[in-house]
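For reference, the structure is listed below as C-alpha cells.
Only the coordinates and a few stated rules stand behind these numbers; no lab work does. These numbers were taken from a predicted model, which means no experiment stands behind them. Note: ideal-geometry Cβ built from the backbone for every residue, glycine included; neighbour counts use all protein chains shown.
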Amino acid sequence: MGQKTPQIYSVELNGAKDMKQTDKGDDKDKYRGLWSTCLELRKNHHKEHVTKEIDLDDHKLSNKELENKYHTNIVTGLSSTQAAELLARDGPNALSPPQETPEIIKFLKQMVGGFSILLWVGAILCWIAYGIQFSNDKSSSLDNVYLGTVLALVVILTGIFAYYQEAKSTNIMASFSKMIPQQALVIRDSEKKIIPAEQLVVGDIVEIKGGDQIPADIRLLFAQGCKVDNSSLTGESEPQPRSCEFTHDNPLETKNIGFYSTTCLEGTATGMVINTGDRTIIGHIASLASGVGNEKTPIATEIEHFVHIVAGVAISIGVLFFIIAVSMKYRVLDSIIFLIGIIVANVPEGLLATVTVTLSLTAKRMAKKNCLVKNLEAVETLGSTSIICSDKTGTLTQNRMTVAHLWFDNQIFMADTSEDHFKQTFDQSSGTWASLSKIITLCNRAEFRPGQERVPIMKRVVVGDASETALLKFSEVVLGDVMEIRKRNHKVAEIPFNSTNKFQLSIHKTDDPTDKRFLMVMKGAPEKILEKCSTIMVNGQEQPLDQSTAEAFYTAYMELGGLGERVLGFCHLYLSADEFPETYSFDVDAMNFPMSNLCFVGLLSMIDPPRSTVPDAITKCRSAGIKVIMVTGDHPITAKAIAKSVGIISANSETVEDIAKRLNIAVEQVNKQDAKAVVVTGMELKDMSEDQLDEVLTSYPEIVFARTSPQQKLIIVEGCQRQDAVVAVTGDGVNDSPALKKADIGIAMGIAGSDAAKNAADMVLLDDNFASIVTGVEEGRLIFDNLKKTIAYTLTKNIAELCPFLIYIIVGVPLPLGTITILFIDLGTDIVPSIALAYEKAESDIMNRKPRHKKKDRLVNKPLAVYSYLHIGLMQSLGAFLVYFTVYAQEGFRPSTLINLRVEWEKDFVNNLEDSYGQEWTRYQRKYLEWTGYTAFFIGIMIQQIADLIIRKTRKNSIFQQGLFRNKVIWVGIASQIIIALILSYGLGSITALNFTMLRPQYWFVAVPHAFLIWVYDEVRKLFIRLYPGSWWDKNMYY
Amino acid sequence: MVTQKEKKSCGQVVEEWKEFVWNPRTHQFMGRTGTSWAFILLFYFVFYGFLTAMFTLTMWVMLQTVSDHTPKYQDRLATPGLMIRPKTENLDVVVNVSDAESWGQHVQKLNKFLEPYNDSVQAQKNDVCRPGRYYEQPDNGVLNYPKRACQFNRTQLGDCSGLGDPTHYGYSTGQPCVFIKMNRVINFYAGANQSMNVTCVGKREEDAENLGSFVMFPAHGNIDLMYFPYYGKKFHVNYTQPLVAVKFLNVTPNVEVNVECRINAVNIATDDERDKFAGRVAFKLRINKT
C-alpha cells in the first residue's frame, strides 16, 4: 500500500493541474481532472478493468445505436427476463461497501495484537516446561499445563472481548447505512413500473423528474427543462442543465449524461441506463477513497508505544533475571518458569480490554451528543485534533439560501437568518415593501410540495432552485399563504430565468378587482434589471431614476455583493389597460409587451447563512488551540464573508488584500507578516509548491481555501499533516470522501452526507452541526487524560506483582505471589476500578489548553512510568511484603528463617521442614501456608490499589479539590475490588486449584498504613506541583 | 511514503544514541544535566531511605506481635506429619545388598542421625522421665523458663540401634531398618493421654505380600507420652524426638514395595485426602539381590 499511494497522489496533482480555471466558463476542465483521476486510479487499483472502462462513448451514439448496443427498445424497454439475466450478470445497482477485512482476520488480529504475543510466549514456555518435566519424571505436576492453558485462555478471552467491542461499534454503522431503499420508475415489458433502484440493469429505460435522485448513470433520451445538481460529484453547487444533445467528447462534460446519485432538481427526463453500481462514475470516486491508506489513529500509536514500553520492561527484566537465575545455579527449567512469572507479572492483561471499554463508553456518551463514532479509537483522535478543515456548506452554514438583506427606499434592511426565523423585524410599513413583496411572491416558480401545512415553513420541502426556494420561504414567512396570493393574481405569461437574458418575468392579473391593469413583475441580475428601468420607487412613490439614485443603487449593490451575498434586483410595471386589455394574448417568444422604462423597486440579497451555534463553537475551538481552516468550493468572497461571520477570520484580523485596500497600496507592498488571515483560491493553490503550501499553513493563523476541488482538499489535508498536526476533516459529498479518509479523523454529516462520505469517515455528526465537534473534542481530551490515569493505576501494581518474583529468585523466600493470583488481580479486582477512572471529571478546563503534540505529549511518558513503577509501585510492594511476612511470622516462619528456604521448601519429599520454633512441617502444610501467603499478598496489593485508585483521580489537583465522592463509579470500583477479594478468599477458600485460602480478617488491615502513606505521598507530590509549576519537581513528577 | 520518511539509517541511530549518552551542546548525560542528575540521585536517596526506614519500622512493629516462645497461630499443624530416616530423594529406600556404596550413604546418614541418641549423651543432658504420662513443665511464674527433655536412649532401638552391629542396621544383609519419627509441634499433646503406636503395612495387597514380616523397636512401635509436649527449640533445647524403628526381615527382593506407616493416636487424624503425610508416611522399599 505504501508503495502505491505516492502514485495516486501524483496523479491527483496532475488532475488538479488539468483544471485550468474554476471560473464558470472553465468548469468543464474540472471534470476532466476528475475523469483522468478516475482512470488513473483504475489503472492502479483495478488493472483488470482498464480496457473495459475507458470506452464510454454512449453519449456519442444515436438512440438507434444505443438500442442495438444494449439490446433494448426505447419505447418498450427491456423485457423482464432480459433484465433478470443482466441483473444476474452485473449484480445489483448499488455501490459495494468498501472491502471489509474478513471477520476471521479481524479476530486473529485481536489474538496476536498488543500483549497477546507475550502471553502466548508465556503459555508456550509453560507447555515446554511441562514437556521437559514430563520427560524427566512421568508423575510431575500439571501446574504448568494449567498455567499455560490459563494464559492461553486469557489471551483468547480478551481477544474475543475486544473483537466483540469492535464488532458492536461497527454494527452501529451497519444499521446506519441501511438507507431507505431508493425507487426508480422504469419501463419494462412496455409498462411503467416502480422497482427498487438496486434492480436496475444496463439498457433499462428510466424516467426521472425534479426531486429524484438519478438511480444510475444514464444517457438522456428525452429531457424537458431538466437540471441536475452535480455537487456530490464535483462539489459544484450550480445546477447544471441537461438535455439529450451530445455536446462534448468527454462523457463528464456532455449534457446528455446524468450521473448516479446526483439529483434532478427540476424538469423531467427519460434516459437509458448505461452503467450501474460500482461501474458508475461515482462508484469510481468512492473507490478512490478506499485507495487512500488508513492512517493509524493517534491513540493506537500511543497504545502501541505503551505496549512497547511494557513489553520492553517485561522482556528485559525477564531476560536479566533468567541470566541471574541461571548464574545462581538454578536449573534452566526453573529459570524458564521464573521467566514466565515475570512476564505475567509485567503484562497488564486486563488493560487493553479496559481501554476498549473506556473508549466505547465515551463513544456512547458522544453518540448521545450527536457524534456517532464508527471507529472506537477515533474517540480520542478528536481530542488531539489541532487543525479542523471544515467544509463550509452544510457544516458551518445551514445549507439553504436565505434572504439576508433587502434594499429599498435607499436603505438596507437586515433580515433574520437564524435557523427558525418566524418573524422578520424590518420596517414593513413602506409602500415600496408592498410592491416588492408582491414581486417576490409572484415572480417565483418555486412551490411547496403539497401536504406540508403542519411542517414549519423553514423545514418544508420545496420544488425549485435554491434562490427561488429562499424567496418563497421568505415571502411565506412575511406574507402568509403565498400559494393563495398567487392564485388570486392569476399568471398569464411567464419567461423563466435563463443564463443569457439573466432575468425572470411574469405577467399577472391583479387581485384588485377595480384595477384592470396587468402587472408585469421581473427579477434578475441587478444591473440588467436597472438597465430596463427608468423610474425607481421610493416610499411607495415612483420617481425618475436619476444619477444619484443610480449611485445609491450601485453602492448598495456593491456592499451586499461584498458580503458574499447573491443579489437580485426587482422591478415591475403596471401595463396600461388601454394598450393591454383583459383579453390581450401575451406571447413570450415575440415579447409583445414593454421591456423598458420599468419601475425599479428594490434589491434583495441572499446567502447561505451560518448556523447560529457555529461562531461560539469556533471561539471554543480557538481557545482550545485548534485551528479551523475553511475549505470550500465556493467563491472566495462568499467564503470570506462566511468565515468572517463565524469567526474563522476574526473581527480584527485582515488579509493582505484588506491591508492593501486600507492603506491604499499595492498588494505586493504589504508586509505579509501583518496579515493574520489569508484566503487562498484553488487557482493559487494549484500553482503552489509543497513548501509554499506549508508556509501558508504555518504563517497564517486564519486560513480560508476557496474554489477548491476535491483533489485539492486532499492536498490541503496532507499539507496539514506535514506540520505534525492531527487533522480533522468535515465533509458531506462523495467528492469529500478521499479527504475524509486521508484525515486523521474524517467527520461526515449525518443528514446531508452521502453514503460514500459516511463510509469514509470515522465519525458521523448526526445533527450536521459543527458545534457537536466541540463536544467531541472535549470528550476526546477527557478520555486521553483519563486513560493516562487508568494506565498509571494499572502499571503501579505491576511492580508489586513483579517484586515477589525477584525477591523469590534472589533471596530465596517461598514464593510470595502465584502466577494465577496475579491474573486474578489483573483480570479480577482491577478491572472495574480502572474503568471507573473513565468517569472522572476533568481537573481543569481542558478546552483552554492547547491540543497535545502528537509526538511530544505521549499517553505514557517517562514521569508516568517512573512514578508508577519506582514510587507508588515500590511503596505498594513494601506494603504487600509486610502482609506476607506477617502471615509467615505469625505461623512460625520468621523473616530470617525464610531467607534461602526456597529449595528445601519446594521439595516434595521433605515433610519435616523446621520453622523458626523447631516445629516441623509437611509439604502440604507448607503449600497451604504458601497459598495463604499468596492470598495475603493479594489482599495487600488490593488494599493499596484502593489508595492508588483514589490518588489517580487527579494528576495535579488535590483529591479534596476534585471531590472524593463526585465520581460515584470509583466507589463502585472499590466495592467490586473488595467483594471480589472477599469471594476469592472466603467463598472459594476451599478450592485449592485457585490457590486462595481463608485469610484471617486482621491481615486485611496490615497494609492500610502503607495505603495511607501512598495517599499522603501523592498529595504532597501534587501540592509541590501546584506550588512550583515548571520546577524540577513539576517536570519529573507530573505525568 | 510515511514509512520511508520515518526510517532512519543505522548511522543516524548510532549518532542519536551517542547524543543521548553525552550531549556536548547541552552538557546532558543520558538526557539530564549534572545538576538534574544530582537532584534525582539525592531525591531517590532520601525517598528510598525513607521507604526503607518505614518498612523496617513496620516490620519491627509486626515482629513485636510475635513471641519468641510459641508461634501465634498453629492452625496448620493440627495434625503432625510422619517422616522416615534415612532421608532419601523421593523417599525411596533402595538397597543393593552387593553394592556397599549404595547403602553406605544411608548408613552414614543414620549414624549421624542417631548420634545424639547415644545413651551417654542422653544421660548427660536429659532427664529420666516417668513413662506413660506427659512431661509437663509449666512456667510457674517464671517467664519462658528453660525446659528439660526426656531421655530416648539409642539402646531402646534394639536391633536397629546400630550399636555393635556388623550388619549396619541390617542394610548389608537386606534386612534394613527404617526409622519413623513424628514431626514436632509445640504444645501438642499427642495421643490425648492415651498410648499410641506406629503401624506399618504394605500399601496394596501385593505390597503386603512382598513386604514380609518386620519387627518394631520399641516394641509394638509404641511412642511414649513422656516425650510430649514439645516446648519449642528455644526453651526446649535438648529435646529428643521419640523414634520408632522398623526392621524389615524378609522383603521380597528386586521388587518395589510401597510401605505406609501411620500413627495410631486418638487425636491424630491419618486420613487427610490432600496431605499424604499427615499422621502417616509412605515410602518405597526395594532390596536388590543378585
Under 5 Å between amide H atoms, partner at least 5 residues away or on a different chain: which partners does A:Ala706 have, H built in plane at 1.01 Å? A:Thr632, A:Val680, A:Thr681, A:Gly682
Taking the reciprocal of mean 1/r across every pair of different Cα atoms in chain B, the Kirkwood radius in Å is 23.8
Just tell me which lysines come within less than 21 Å, Cα to Cα, of B:Lys112; anything on the same chain fewer than 8 places away is out. B:Lys87, B:Lys125, B:Lys181, B:Lys233, B:Lys247
Using θ = phi - 60° and the Karplus relation 6.51 cos²θ - 1.76 cosθ + 1.60, list the HN-Hα couplings for the stretch A:709-722 in order, rounded to whole Hz, with x at every Gly or Pro. 9, x, 5, 5, 3, 4, 5, 5, 4, 5, x, 5, 5, 5
Taking B:Lys147 as the anchor, which aspartates and glutamates have their alpha carbon closer than 15 Å to its alpha carbon, excluding any fewer than eight residues away along the same chain? B:Asp68, B:Asp127, B:Glu136, B:Asp139
Order by neighbour count: B:Trp22, A:Trp905, fewest other Cβ atoms within 10 Å first, most last. B:Trp22, A:Trp905
Which loop-located GluC sites (Glu not before Pro) does the stretch B:193-287 contain, where loop means any DSSP state but H, G, I, E or B and the Cβ has at most 14 other Cβ atoms within 10 Å? B:Glu273
So which of A:Lys193/A:Lys368; A:Lys60/A:Lys193; A:Lys193/A:Lys741; A:Lys255/A:Lys758 end up more than 31 Å apart by C-alpha? A:Lys193/A:Lys368; A:Lys193/A:Lys741
Once R0 is set to 22 Å, what does the formula 1/(1 + (r/R0)^6) return for the Cβ-Cβ distance between A:Ile160 and A:Lys364, expressed as a FRET efficiency to the nearest 0.05? 0.60
Roughly how tilted is helix A:614-623, in degrees to the nearest 10 and between 0 and 90, from the longest Cα axis of chain A? 40
Length gain on complete extension for the stretch A:Ser140 to A:Leu1027, per 0.36 nm per residue less the alpha carbon to alpha carbon distance? 313.3 nm
Calculated FRET value between B:Lys284 and B:Tyr48, using beta carbons and R₀ = 56 Å, to 0.05: 0.60
Checking the cross-link filter: which aspartates and glutamates have an alpha carbon closer than 18 Å to that of A:Lys644, excluding same-chain neighbours under 8 positions apart? A:Asp391, A:Asp416, A:Glu559, A:Glu565, A:Asp608, A:Asp616, A:Asp634, A:Glu654, A:Glu657, A:Asp658, A:Asp674, A:Glu702
Note to self: C-alpha centroids of the stretch A:100-124 and the stretch A:809-840 sit apart, in Å, by 23
Ascending count of other beta-carbon atoms within 10 Å, so fewest first, for A:Lys627, A:Lys369: A:Lys369, A:Lys627
With N residues in the protein assembly as shown, what two-decimal value do you get for its Cα radius of gyration over 2.2 N^0.38 Å? 1.34
What does the average come to when, for each residue of peptide A:889-897, you count the partner chain Cβ atoms lying within 10 Å of its Cβ? 5
Taking the beta-carbon count within 10 Å as an exposure proxy, list B:Arg25, A:Arg517, A:Arg707 from fewest neighbours to most. B:Arg25, A:Arg517, A:Arg707
What is the distance in Å between the Cα centres of the stretch A:505-524 and the stretch A:934-952? 87
Contact order normalised by length for the stretch A:777-1007, with contacts defined as Cα pairs under 8 Å and 6 or more residues apart; what percent is it? 31
Yeah, the stretch A:777-1007 with a ≥ b ≥ c from its alpha-carbon gyration tensor (a/c under 1.5 is rounded, else prolate when a/b outruns b/c, oblate otherwise) is prolate
In the structure shown, of A:Lys627/A:Lys713; A:Lys64/A:Lys192; A:Lys392/A:Lys841; A:Lys528/A:Lys686, the pairs separated by more than 24 angstrom at the C-alpha atoms are A:Lys392/A:Lys841; A:Lys528/A:Lys686
So what's the back-of-envelope 222 nm ellipticity for chain A, counting only DSSP H runs of four-plus at -39500 (n - 2.57) apiece and dividing by all residues, rounded to 500? -15000 deg cm²/dmol
Treat each spin label as a single point 7 Å out from the Cα along the C-beta direction, and report the B:Met30 to B:Gln105 distance in nm. 4.7
In the stretch B:143-189, the chymotrypsin sites (Phe, Trp or Tyr not before Pro) that fall in loop regions by DSSP, at most 15 other Cβ within 10 Å: B:Tyr189
Pick out the long, greasy-scoring helices in chain B: whole DSSP H runs spanning 27 Å or more along their own axis by Cα, mean Kyte-Doolittle at least -0.5. B:34-64
Taking all pairs of distinct alpha-carbon atoms in the stretch A:93-167, Kirkwood radius in angstrom: 14.3
Under the 0.36 nm per residue contour assumption, what length would be gained going from the current alpha-carbon distance of A:Leu320 and A:Asn957 to full extension? 225.5 nm
Applying a 4.7 angstrom Cβ cut-off across chain B, unpaired cysteine residues come out as B:Cys10
Extension gain (nm, one decimal) between A:Arg622 and A:Glu690, 0.36 nm per residue minus Cα-Cα: 21.9 nm
Of B:Thr35, B:Thr173, B:Thr270, the most mobile residue in a GNM of chain B (C-alpha springs, cutoff 10 Å) is B:Thr35
